[in-house]
Amino acid sequence: MLALHRAASRFAIVATNTDVDRSYAAMKDMMGALSEMTTACNGCHAGYRVR
């Protein structure tokens, strides 16, 4: 769960910077941070998947 909180915090910071910068590099960083957050979500949810 801590990984999700860290990833979400990083995404929030990067997204805020992207809103200010709006460059291609900033957008790429934001998409990377979103991917990290999604990976953290999926990692936790996969453990609760009913088989």
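Rule-based calculations on the coordinates, nothing more; no lab input. No experiment lies behind these values; they were computed from the predicted model shown. Cβ sites come from the backbone with ideal geometry, for glycine too, and all protein chains shown count toward neighbours.
The residue of segment 1-12 that is nearest to residue 41 (Cα to Cα), among those that are among the aliphatic types (A, V, I, L, M) and surrounded by fewer than 12 Cβ atoms within 10 Å (Cβ to Cβ), is 1. Cβ-Cβ distances below 8 Å connect the following pairs, each with a first residue in segment 1-15 that is within 9 Å of residue 37 (Cβ to Cβ), a second residue that is of a type in the set (Val, Ile, Thr) and part of a helix (DSSP H, G or I), and a separation of six or more residues or different chains: 7/39. Whenever a residue of segment 26-50 is over 12 Å from residue 3 (Cβ atoms), its partners that are surrounded by 11 or more Cβ atoms within 10 Å (Cβ to Cβ) and among the small types (Gly, Ala, Ser), lying with C-beta atoms within less than 7 angstrom and at least six residues away or across chains, give the pairs 30/15.
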